[in-house]
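The values are calculated or read from the model by the stated rules, or taken from the named source; none is laboratory data. For clarity, every value in this text was computed on a predicted model and none was experimentally measured. All Cβ positions, even for glycine, are placed from backbone atoms using ideal geometry, and neighbour counts span all protein chains on display.
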Amino acid sequence: MALLRLEKVTKRFGGLVAVNEVDLHIEAGESIGIVGPNGSGKTTLYNVISGVYTPEEGRVFFEEQEITFLPPYRRAHLGLGRTFQISRPFGSATVRENVAVGALFGTLHGRIGVDEALKLADRYIELVGLSELKDKVAGSLTPVEKKLMEVARALAMRPKLLLMDEAMAGMHPKDIDRLVGLLKEIKEEEKIAMVAMVEHIMRAVVGFAERVVVMHFGRKLVDAPTAEALKDPKVVEVYLGCPLEEK
Amino acid sequence: MVSVFLILGLISLGGMVYAGAPAKVIIGHPACLSGKYAKAGEQALGGIKACVKWVNEVYGGVKIGGKKVPLEYKYYDCESKKEVVTSLIERLITVDKVNVVFAPYSSGLTLSGAPVAEKYGMLYMDHGGASDRIFQQGFKYIVQTIGPGTRYHVGTLDMIHKVDPKAKRVALAYEDSEFARMVMRGAEEHAKKLGFKIVFKRTYPKGVTDLTPLLSDLKAAKPDFILGGGHFEDGQLFNRQMADLDINVKALSLIAAATLPAFYEALGNLAEGVMGPSHWEYGVKYSPEVARKEGLKWIGPTQDEFVKLFKEALGKDIMPDYHAAEAGAQVLAYVLAVEEANSIDPTKVRAALNTLKFMSFYGGWDVNETGKQVGHSMVDMQWQGGKRVIVWPPEAATGKLYYPMPTFAEKAKGKVAVPK
Amino acid sequence: MIWNQLAGNLTQGLILGGVYGMATMGLSLIFGVLRVVNVGHGAFVMVGAFVAFWLFTALGLTPIAAIPAALVVGMALGFLFFYSVMRRLVGAPELTSLLATFAMGIILEEVVKLIFGTEYRGYNWDVGRVDLSVTVLPWAKIYAFLGSVAIAVLLYLWFNKTRAGTAVRSVVEDSEGARVCGVNVGWIYALSFAIGIGLTVASGVLLTMFIPVGINPYMGGPYTLKAFVIAVLGGLASPYGAFFGGLIFGLIENGSYTLFALLPGAEPFALTRFLSFAILLLILLLKPTGLLGAKE
Amino acid sequence: MKGSKYLPIIPVYIGYLVLFLIARGMPGMWQLMAMLVFYCAVGQAFNIFFGMTGYVNFGYVAFLALGVYGMALAIHYFHQFSWLGLGIVIIGLLLAMVMAGLLSLVVGAVALRLGGAYFAIATIGVNEGFRYLIEGAKIWGGSEGIIFSKQMTEAFGREMANRLSTLWADISVLLIAAVAALITLYFIKGKIGYALMALREDEGAAKVMGINVTKYKLIAFVTSALLAGLIGAMAWGLKLTYVFPPEVFDISYTVEAIVIVMLGGAGTLLGPVVGGLLYGLAKYWLTVILPGFQLLIFAPIIIVIVVAFPEGVVGVLKRRVKGTALEPFIL
């Protein structure tokens, strides 16, 4: 049974087609890298999945239940967590409170009180290594710290599927390795499927993803195990920037 | 806590301690010096100060137990807000130890102070709340000087009934407010009694900016004359837009607006011949002689003395209007009642006020057992060549009525409503 | 009979509606560009009314001449308020700009009160009337209408034929994109705010041509509320939408009166007021982007 | 340690207690204190929605207005059943809450789906529209309103009626303020508080984090409206014993509420109390010192606050006491 399934999903903005008839299929516990240059429709795809946009065509399923028209918060309850390309912390609140929000309203919502949520928060804050900052106001963090906090906040939601939008952009290689290692651990113990989205094929994807999906002009260009995908001529073309002849 | 110190300071500011036998008599007043009633409030302030001055300097003070004691006036600004009124009235009663409280302007604010005044059994005199309903509430300590709203247009109707028996079609168009509706009710009843035919009866909301729709319907009703108004701004608009729509009638009487100088300033000769009822106008013929004729006790300054005192009191060269006169007359009423009761005990004074009947520059004064003013009759004034002339009732009139009023076409040619 | 009155009221409504529309364009422009609702709108209308009043009574200038004067005064005020306050609030949470514009309105009212006092003033610019059997129209009202249309057209030309205008449009579409394309967004904000205020103040003059009395520091309130309804009718972010919204509003306000008058026992006037707000809520409920507003 | 959660209520209640003691202890202070408590109560109630969600509800005064009508109608229609005794007041309070609650539900359902700017406009529309409906359709006495001093005397007797107006009405406003404070604390510390914080900071992110923003906005909106209804019923209804539409639908009261909350610190527990006292006293003194200049002084203050320190007095205080022994008491 697929955890997430997209059927011919199309999202338009006025004239231009941001996502064009994309099929996607994610199994529980998989880790996938979605790759594509800026404007290739990655973020739009994320917004369709997490319910910020509803597609003009196609359907979205989560654990075989259709969620195409489900509001975002309901999807979060089902087990969809995400981070943002440009991080969006709740600026005036502390790191701890930010992460606690994730715990309170994620898949555990209704079954967890504030105190437990805060405990859970502490755990994930420690996991991403922000413990000494946990009482600082989120607005005052550095970009990298914010990204880490968002990862913690998303993890605290206890999702089944975690969508990360450029979670590693602008990070020092050392941090990336740490984060990747970390994500792998969590994935193992919590059986979370993870989708990392990046502009360029880089160590993150190589080290992290079992499967790579390449987006180009809103279409899914390639969907293959990492090793193959990297060798795929189309991909090479895209990343050498040669024009892609229409077929 | 900052507040505590401020409050302590506020206490220390509190007035002098009150000793058994009155060293003086104090009038307390939460005046409307700012907010939406600031204009009327300033007038009342001047009127009261003028008459207090007269009592102390000309009349020689208030006579109690054989000795004359000075009259004092203590007031604060209530900002025309109900929350402030209640707190100021209590402060006046308990801290400043006043002997009577004069209500703020408007029926609403007068009502908001009533429970506090009643609580302390304090005499509460109303010179700015015209609502008859105040006196249907069974308050013990409220006494009214201003005439009740229902009587505003009664005189006007009598006048037209007399001068032009053929004019039968009357249009009523008042503001949709507590006060104006009461005037309208009074006018409607009296009009029916006199056999007028009410061909139009509508109201318009407070703060209206365009009366055109109402006026075009009114025009279609073809009235002989129009009674209406509510406040100053809408009265001004009413007259102006009648001109724009070229609505010509034999007479137009607007409450609250037409009597004020600013009305003519804003409208110029469009206001020629327009009338308005008033509790008091400069020029009324009330005098000791008239009082003697009517067998009434006279007290207070003459009209011109009052105007002089009023201008001194405010330190400005503005004419007193009826807000000033009624507030001033209220001081005189209180003084007479205290002397009558030979005491400052509110209950005794209240009783004395019930039987009190007198005349001043303001005219007659007499209240019924509920405290409602019944002794004061209103006058009607008309704009004639840029001057306010009192045209009714005959005993108070300072000139002849100009009737019918000129059409707007004639006015545009510069015609004025001066009778030859 | 009733039809004549209806026709008469609708004619009056159309004329007044034009003025209302023009009086709302500034509000919509400012919202469109800065995403700021000018809650102090009415106070700026009031300033315009006083400009007309003062020029007429003190210098004997006709309201026509007062329009450009008001435009200048308005733009000056606009720049002043923008650089002293608004600049700091662009992009800040809505509530801050709402409160700031609100406070600006109060300050204007109180300052004007200090200068002119609280009397209700008026001026008497008599240029005759035309009698169209169903109703009577003073020429002043007709001039007010023509003036409004003229200004609307000028704004349209400015928008579509000048570089600055085009830049403003691009910012309305997408301020980020505009910035990327090298538009000095900061300056466009200032300019649009100033022009928006300028239009609003000028509309104050036109309103006094329609209703030359009741000029006082607190006259603005009702116009703020009307402007909101009209702006929403026209889609809040679109100046032309606002203009046509004004026409519609004028027709509704005057037309519905004649109809409500047929209800026995009701107060038609208050009901027309109620209707206009009911419409406001209805539109917000059904189509928040406004009747004429197209884009999200 | 659960108990520590409720420490912040202490300074608030101390404040109210001091007001009460001054009112009882010092002659002529009662009504002034009543005015201050009124401002604190309105601030506290208004803060629950405005402060915690960041949405400006210009139509807030409509809920107070409906509260007054609730009390007025109860006394107007039930006064002849004097065997009900004070039950009439209870009915009034219930009516006030039902009416304010219903309106807030309707408005909330419609307007809370809108963005901040549209919301603010919509709420102005509700307030004005409602007033003109009452006047135009002649509901509840139309523009002439209801005066019910007489009915109160008939229902409770002169003595009791007067005590209700001059004593118990004010005390109940104090109690309502105390309850409002408790609710505020409960919200801030609980799940609701986290939800409101999140949606105030970034509504889009909040949705994706699993927060049903409309639901939580509605909770805050209705709570705040119910409290307003109670305040109106007591502070304007039972206390003043009359209601005229233009006076109770006066939008300037919403503005006062905004100033109070911003001044004290939006979204904080202690803020409305501090704001209410500062505003109330400043106002009271200005009426004595500079009559007519209040607005000209308050308007620039609003601008300074929103531009310079949007977190308000308590907001600043909170930062100051961070790490000190006072921290657990200031919220």
Worksheet entry | Yes/no for residue D:259 being crowded, with 22+ Cβ neighbours inside 10 Å, more than 8 Å from every other protein chain (Cβ to nearest Cβ), under 21 Å from residue C:107 (Cα atoms) and not aromatic (Phe, Trp, Tyr) | yes
Worksheet item: Would you say residue D:33 is touching a Leu at 6+ places or on another chain (Cβ under 6 Å) and within 10 Å of chain B (Cβ to nearest Cβ)?
Response: yes
Worksheet item: What number of residues within region B:186-211 are farther than 14 Å from residue B:226 by Cβ and of a type in the set (Ser, Thr, Tyr)?
Response: 1
Worksheet item: For region B:258-313, how many residues are hydrophobic (A, V, I, L, M, F, W, C), more than 14 Å from chain C (Cβ to nearest Cβ) and part of a helix (DSSP H, G or I)?
Response: 7
Worksheet item: In the set B:271, B:258, B:262, which member is farther than 19 Å from residue C:138 by Cβ, in the same structural domain as residue B:403 (by TED's automatic domain parsing) and buried (at least 24 other Cβ atoms within 10 Å of the Cβ)?
Response: B:258
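Test residue D:13 against the criterion of being farther than 30 Å from residue C:40 by Cβ and surrounded by fewer than 20 Cβ atoms within 10 Å (Cβ to Cβ), and give yes or no.
Values: farther than 30 Å from residue C:40 by Cβ: yes; surrounded by fewer than 20 Cβ atoms within 10 Å (Cβ to Cβ): yes.
Yes: the conditions hold for residue D:13.
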Item to complete: Would you check if residue C:105 is in contact (Cβ under 8 Å) with a residue 40 or more places away in the chain, touching a helix residue (DSSP H, G or I) at 6+ places or on another chain (Cβ under 7 Å), away from chain D (no Cβ under 14 Å) and part of a helix (DSSP H, G or I)?
Response: no
Worksheet item: Which one is farthest from the other protein chains (Cβ to nearest Cβ) among residues in region B:88-103 that are in a loop (DSSP other than H, G, I, E, B) and within 18 Å of residue B:350 (Cα to Cα)?
Response: B:99
Fill in: Any hit, region C:173-184, residues being crowded, with 19+ Cβ neighbours inside 10 Å and either in contact with an Asp or Glu (Cβ under 8 Å, 6 or more places away or on another chain) or under 24 Å from residue C:19 (Cβ atoms) (or both)
no
Item to complete: Filter region D:219-252 down to residues that are surrounded by fewer than 24 Cβ atoms within 10 Å (Cβ to Cβ), modelled with pLDDT under 95 and either part of a helix (DSSP H, G or I) or under 12 Å from the mean Cα position of the chain (by Cα) (or both), then give me how many there are.
Response: 3
Item to complete: List the helices (runs of 4 or more DSSP H) that sit entirely inside region C:162-277 and contain at least 2 residues that are within 14 Å of chain D (Cβ to nearest Cβ) and out of contact with any His (no Cβ under 7 Å at 6 or more places or on another chain).
Response: C:220-233, C:239-260
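For (1) touching a residue at least 12 places away in the same chain (Cβ under 8 Å); (2) more than 14 Å from chain C (Cβ to nearest Cβ); (3) small (Gly, Ala, Ser), each residue gets a yes or a no:
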position: D:117; (1), (2), (3): no, no, yes
position: D:124; (1), (2), (3): yes, no, no
position: D:132; (1), (2), (3): no, no, no
position: D:137; (1), (2), (3): no, no, yes
position: D:147; (1), (2), (3): yes, yes, no
position: D:156; (1), (2), (3): yes, yes, no
position: D:163; (1), (2), (3): no, yes, no
Worksheet item: Within region C:68-89, is there a residue that is within 30 Å of residue C:135 (Cα to Cα) and within 14 Å of chain D (Cβ to nearest Cβ)?
Response: no
Practice prompt. Working carefully through the options D:88, D:48, D:75, find the one that is farther than 24 Å from residue D:244 by Cβ, among the β-branched types (Val, Ile, Thr) and more than 13 Å from chain C (Cβ to nearest Cβ).
Written response: D:48
Worksheet entry | Any chance residue C:272 is under 21 Å from the mean Cα position of the chain (by Cα), of a type in the set (S, T, N, Q) and modelled with pLDDT of 90 or more | no
Worksheet item: So which pairs qualify, if the first residue must be in region A:172-183 and β-branched (Val, Ile, Thr), the second must be at pLDDT below 85 and assigned to a helix (DSSP H, G or I), the Cβ gap must be under 7 Å, and the two must be at least 6 apart or on different chains?
Response: A:176/A:203; A:176/A:204; A:180/A:204; A:180/A:207; A:180/A:208
Item to complete: Give the residues of region D:291-328 that are part of a helix (DSSP H, G or I), modelled with pLDDT under 85 and within 14 Å of chain B (Cβ to nearest Cβ), sorted by residue number.
Response: D:294, D:295, D:296, D:297, D:298
Worksheet item: Taking the stated definitions as given, is residue B:145 within 17 Å of the chain's Cα centre (by Cα) and hydroxyl-bearing (Ser, Thr, Tyr)?
Response: yes
